[in-house]
1. Tell me yes or no: at least one residue of region 98-106 is closer than 16 Å to Asn32 by Cα and not charged (D, E, K, R).
2. Is it the case that Ile98 is among the aliphatic types (A, V, I, L, M) and within 18 Å of Gln120 (Cα to Cα)?
3. In region 97-116, which residues are out of contact with any helix residue (DSSP H, G or I) (no Cβ under 6 Å at 6 or more places or on another chain) and either acidic (Asp, Glu) or touching a residue at least 40 places away in the same chain (Cβ under 8 Å) (or both)?
4. Modelled with pLDDT under 95, farther than 21 Å from Thr99 by Cα, over 18 Å from the mean Cα position of the chain (by Cα) and of a type in the set (Gly, Ala, Ser): does that describe Ser13?
5. Go through region 64-96 and give me each residue that's of a type in the set (A, V, I, L, M, F, W, C) and without any contact (Cβ under 8 Å) to a residue 40 or more places away in the chain.
6. Which strands (runs of 3 or more DSSP E) does region 31-134 wholly contain that include 3 or more residues that are surrounded by 14 or more Cβ atoms within 10 Å (Cβ to Cβ) and aliphatic (A, V, I, L, M)?
7. Listed residues Gln91, Gln101, Gln111, Gln69; which is in contact with a Gly (Cβ under 7 Å, 6 or more places away or on another chain) and of a type in the set (S, T, N, Q)?
Amino acid sequence: MLRPFVLSLGLISGLLAPAAAQDVGIESTIRNQIEAFIADDFARAFTFASPNIKTIFGSPENFGRMVTQGYPMVHRPADVTMLEQREVAGQTWQRVMITDQAGRLHVLDYQMIRTPDGWQINGVQLLPSAGVGA
């Protein structure tokens, strides 16, 4: 009786291992880009963007300007916490909670794509805050 259970655990572990490795690659890509933003290394940050994002912004300078003006919490975070990763309509999304320098929380969804260069960021959505209920 124990033998099928052990075999089942082995099969489940084998199936789950690629997903765990995927999480690490996605999280690493996002963290590396944020570290580049913190260092004002927009050329390096741009390397983590998908080909589509690179086409839209054209240069690391344009990309950096968009981030500093539109996503200041990503440019200068106080804390970054990876939340859940999920698949939606065939797209991979990583939710990230960022605490800004003023202590405010922001939740962002990063759309990720796998390219020949590894995981890259294909877009970021700032999610609306939940607000305070009465």
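1. Scanning region 98-106, I find at least one residue that is closer than 16 Å to Asn32 by Cα and not charged (D, E, K, R), so the answer is yes.
2. Values: among the aliphatic types (A, V, I, L, M): yes; within 18 Å of Gln120 (Cα to Cα): no.
No, not satisfied.
3. Start the filter on region 97-116 by keeping residues that are out of contact with any helix residue (DSSP H, G or I) (no Cβ under 6 Å at 6 or more places or on another chain), which leaves 97, 99, 101-105, 107-109, 111, 113-116.
Hits for region 97-116 are Asp109, Ile113, Thr115.
4. Numbers: modelled with pLDDT under 95: yes; farther than 21 Å from Thr99 by Cα: yes; over 18 Å from the mean Cα position of the chain (by Cα): yes; of a type in the set (Gly, Ala, Ser): yes.
Taking the combined requirement at face value, the residue satisfies it.
5. Scanning region 64-96 gives Met66, Val67, Met73, Ala78, Leu83, Val88, Ala89, Trp93.
6. Where strands (runs of 3 or more DSSP E) fall fully within region 31-134 and carry at least 3 residues being surrounded by 14 or more Cβ atoms within 10 Å (Cβ to Cβ) and aliphatic (A, V, I, L, M), they are 91-99, 105-115, 118-126.
7. Only one candidate qualifies: Gln111.
The values are calculated or read from the model by the stated rules, or taken from the named source; none is laboratory data. Just so it is clear, the model here is predicted, and its values are computed rather than measured. Please note: Cβ atoms are built from the backbone with ideal geometry, for glycine as well, and neighbour counts cover all protein chains shown.
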